[in-house]
1. Take B:ALA291 and tell me if it is more than 14 Å from chain A (Cβ to nearest Cβ), under 22 Å from A:SER92 (Cα atoms) and open to solvent by less than 10 Å² (accessible area, probe 1.4 Å).
2. Take B:ALA188 and decide whether it is out of contact with any Leu (no Cβ under 6 Å at 6 or more places or on another chain), of a type in the set (A, V, I, L, M, F, W, C), touching a residue at least 24 places away in the same chain (Cβ under 8 Å) and open to solvent by less than 10 Å² (accessible area, probe 1.4 Å).
3. Quick check on my filter: what residues within the stretch B:266-286 are more than 8 Å from chain A (Cβ to nearest Cβ) and either part of a loop (DSSP other than H, G, I, E, B) or open to solvent by 30 Å² or more (accessible area, probe 1.4 Å) (or both)?
4. Among the residues of the stretch A:45-77 satisfying the criterion of being within 12 Å of another protein chain (Cβ to nearest Cβ) and touching a His at 6+ places or on another chain (Cβ under 7 Å), which is most open to solvent (accessible area, probe 1.4 Å)?
5. Is it the case that the stretch B:165-173 has a residue that's touching a residue at least 60 places away in the same chain (Cβ under 8 Å), closer than 21 Å to B:ALA23 by Cβ, assigned by TED's automatic domain parsing to the domain that holds B:ASP74 and buried (at least 19 other Cβ atoms within 10 Å of the Cβ)?
6. Starting from the stretch A:114-140, take each residue that is on the phi > 0 side of the Ramachandran plot and list its partners that are crowded, with 20+ Cβ neighbours inside 10 Å, counting only C-beta distances under 7 angstrom and pairs at least six apart or across chains.
7. Within the bounds of the stretch A:8-15, is there any residue that is under 17 Å from the mean Cα position of the chain (by Cα) and part of a loop (DSSP other than H, G, I, E, B)?
8. Within the stretch A:123-154, can you find the residues that are away from every other protein chain (no Cβ under 11 Å) and of a type in the set (Val, Ile, Thr)?
Amino acid sequence: MTYIAKPKLHHKAIAVNALGFTHRDYEGRISTLCAGCGHDSISAALIQACFELSIEPHRVAKLSGIGCSSKTPDYFLGQSHGFNSVHGRMPSVLTGANLANRDLIYLGVSGDGDSASIGLGQFAHCLRRGVNMVYICENNGVYGLTKGQFSATADKGSRSKTAVNSDSPIDLVSMALVLGASFVARSFSGDKKQLVPLLKAAIAHRGSAILDVISPCIQFNNNPQSTKSYDYVRAHDEAVNAVDLIEPREEITVDYAPGTVEEVRQHDGSVIRLAKLHPDYDPHDRVAAISYLQERHRAGEIVTGLLYLDPEAKDLHDNLGTTAKAPLNQLGEKDLCPGSKTLEKINARYR
Amino acid sequence: MQPLAATNDFVVKFANINGSGSASANELFARCILRMGVPVASRNIFPSNIQGLPTWYEVRVSGEGWLGRRGGVDMMVAMNPQTWDKDMAEVEPGGYVVYDSTKPMPVSRFREDVTVLGVPLTLLSNTLEGTLPRERQLLKNIIYLGALSSLLDFDPAVVEGLIGNQFKGKDKLIALNMKAIKLGHDYAAEHLAGKCQLKVENADMVGDRIFIGGNDAAGLGAVYGGATVCAWYPITPSTSVAESFSKHCKALRVDPESGQNNFAIVQAEDEIAAIGMVIGAGWNGARSFTATSGPGISLMQEFFGLAYSAEIPAVIIDIQRGGPSTGMPTRTQQSDILSVAYASHGDTKHVMLFPEDPHESFEFAAQAFDLAERLQTPIFVMMDLDIGMNDWLCKPLHWDDSRKYDRGKIMTREMLEAGTEFGRYLDVDGDAVPFRTLPGVHPTKGAYFTRGSSHDAYARYSEEGSVYIDITQRLLRKFETAKTLVPAPVLRPAKAPTRWGAIYFGSSSVAMDEAMETLEEHGLHLDTLRVRAFPFADEVAEFVRAHDQVFVVEQNRDAQLQKLLITECGLEPSRFVSLLHYDGTPITARYITGMIAGRMATIRKDAAE
């Protein structure tokens, strides 16, 4: 029902956040995706996460590539600048935008075709560089806009209505671990309870945060033989932990039994609280995480939760030693132009 | 055969082996002559190789100040046995060959009409006590520089001064290198006195000019032009642009208080990512650029279309090389003109600037950032390997301190707060350039969605035919605005009225200057026009219409600029005569003169019959 504009009126008693915004202030245009699309649930989760974090919508830049997932930035945070770029190339555009202004929050939205096929290179390199961003891959295993071709994340043997996928799948989460991402998580669009806190934690994290969100394609890949269908993911979802983000202003009140909860302080003072669901899983051990993921994948499980976190990570600006005085896009002649006298001296060196 | 005799007017070519350390000695040679007030034009001719393959360095000494390649070699410093025969054959009759005579060479390997000047370089280098073999290899180059300084009568004070500069602060090296200079010099003075009649004499023809490479100058231009983001991928011959930007930023752009950088340089994973970053940064309000060459231009096509359509500032410095495909990566051409003019799928047109030398490379690189932000579109600075990777004698770089960056039409928080209407693609001023906002500007106003897909004046997605036509027509009008902002063409009228004209651009300039004077001396008059930008100013078409025949001098096979002139200005193809040079070496005045004189003679003969 994409042609009906959603009225802006709302109930008087609707919740407001610290900025006085309601969640409606974080919405965007009406989605043009299919009814029941997992991607819309992710947009809703993003809206809720930003609302709960009291983020000023205009301090967010949302960037995407091309595909169904890449359309979604139009459907949340209508007061944020958005950029629907080139297929598979969101990471480079986001990197450039981030270089220009380190002070905004960068949401990169991509899909499995965009990230794992045409854009695998850029996916890899932006994580290597530690670009400070939240990279969300809305992963449904198929190309939706071109009507159902398999993507590179489709499991071997997975079936669509007309074909069987015989290629090995690319696991973006395992790749992200190898490539040095400092926040790695996997979730499911059908599990908002898990997804919203993960998004909040990813936003609070400084560094490259990647969320691989299994997001079933209702139209082309929700059949019983697909490993990216709602039913399949629900049946095989194994969460290693439950995450909660406690913002700096909140008081930590609840007591937990020792060993069941870990609290990790972030750069911005917030705390990620991790309730362990698998007692042996250590989200600070990159190597163990890779091996655990491979093992559970072999057993047919889809491991979700916060899989890896390095709260001390350095971001690209730290590595480049970029000035903290002001974002690069705010520097003027005074800081940038060395002037004619200096040029005279330079000329003299070339004589 | 009478040995060649010339003062301040000859060509010396050094035949070396790549990686033998000859480059700095050869550059010192050129600088010695410059310091004596005599103009030189130097060119590296090098292979796509790091060590072992032949490499040449050619120095044209020209008291008259001609800076193009002359063609021909008067003295060969033959240091590479691999290319001996070819090098020997290249020397003009009556010319000279300088070689390492440590091992005797059979007479059959020399030419009778060439004066052989043997210097036992290896032997002499072995007398330098306390040096390692690798050092002696390097010092051999300095020894031949010493020998040449005697043969050509260099001012010893100049040589000593330059060595002092080169190794400033390293007294041991200064002493060692001066010792090597003396070895070569004294050997030549004792054994070869009076044998060489090529001489350099002090003159006053250099003035305040500088000797700089175009890539170096362009990188510095980007610093002065306010670039803060550089994303690039290594590719010959453009790599040294990014290296220059980095070098000058480290010297000039580190915040004195915090020690932090007022710039960000990222070596991307490929050219696609490089241009993506440039566009992302440009979208977000930073002045950003990339430097690349033909293959990079090919890879960036899709992004050029995005930046054109979504109207995002970007600067691309294209150091052209021989194409297509890998082509001749270490040879020069002007062969990306058409692929840049209409880069990307769909209907596009892009702004190109054509600097003629390093001086203009600096100027246009800096100006490109103003143009990119004013026009909100990619700006291409079209250089080539000849300008980029060779040191050229050119006017000193100039900056006017009253100059302010033109950041273009950016709608500020204050304007939005005051209720100014914002439509991202709305032509409010009639110049077809809309206002843009930068992300984060205002809590409730000014946000918009950028996309490569068709959109209306308010940046809303639309596949409505009329909306699409409105936007694409406005982009055409914006190109008309560009016409008024880009560097104007330079007209040089002939000394006598003529129906002949010549159009040229970029690095052909130095050869053209010389060719025109030679032709004039022979009574052949042509008006010339140096094109400095695309879109073409109206004067360009007027110039063509004012002449019966117009030569278009280009360094490519397909007469790309000429085609662009015909297409964009609606000119009759029959007015043009293509003058094309595309073997990978820089075009010479001799070549131009020969082609033009030949054509003019044919036409005159036809007319007489």
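1. Numbers: more than 14 Å from chain A (Cβ to nearest Cβ): yes; under 22 Å from A:SER92 (Cα atoms): yes; open to solvent by less than 10 Å² (accessible area, probe 1.4 Å): yes.
Taking the combined requirement at face value, the residue satisfies it.
2. Details: out of contact with any Leu (no Cβ under 6 Å at 6 or more places or on another chain): no; of a type in the set (A, V, I, L, M, F, W, C): yes; touching a residue at least 24 places away in the same chain (Cβ under 8 Å): yes; open to solvent by less than 10 Å² (accessible area, probe 1.4 Å): yes.
So B:ALA188 fails the test.
3. Passing the criteria: only B:GLN267.
4. A:ILE66
5. Initial filter on the stretch B:165-173 (touching a residue at least 60 places away in the same chain (Cβ under 8 Å)): B:166.
Right, trim to closer than 21 Å to B:ALA23 by Cβ and you get B:166.
So of that shortlist, the ones also assigned by TED's automatic domain parsing to the domain that holds B:ASP74 come out as B:166.
Narrowing the set further to residues that are buried (at least 19 other Cβ atoms within 10 Å of the Cβ) leaves none.
No, there is no match, as no residue in the stretch B:165-173 is touching a residue at least 60 places away in the same chain (Cβ under 8 Å), closer than 21 Å to B:ALA23 by Cβ, assigned by TED's automatic domain parsing to the domain that holds B:ASP74 and buried (at least 19 other Cβ atoms within 10 Å of the Cβ).
6. Close Cβ pairs (under 7 Å, with a partner that is crowded, with 20+ Cβ neighbours inside 10 Å) amount to A:GLY130/A:SER182; A:GLY130/A:GLY207; A:GLY130/A:SER208; A:GLY130/A:ASP315; A:GLY130/A:LEU316.
7. Taking the stretch A:8-15 and keeping what is under 17 Å from the mean Cα position of the chain (by Cα), we get none.
So far as the stretch A:8-15 goes, no, none of its residues is under 17 Å from the mean Cα position of the chain (by Cα) and part of a loop (DSSP other than H, G, I, E, B).
8. If the condition is that a residue be away from every other protein chain (no Cβ under 11 Å) and of a type in the set (Val, Ile, Thr), then A:VAL134, A:ILE136, A:VAL142, A:THR146, A:THR153 are the ones that fit.
The values are calculated or read from the model by the stated rules, or taken from the named source; none is laboratory data. On a predicted model such as this, the values are computed, not experimentally measured, just so you know. Using ideal geometry, Cβ is built from the backbone for each residue, glycine included, and neighbour counts are taken over all protein chains shown. The protein model used for the area step is the full one, side chains on, heavy atoms only, and it has no ligands, DNA or RNA in it. Shrake-Rupley method; radii C 1.70, N 1.55, O 1.52, S 1.80 Å.
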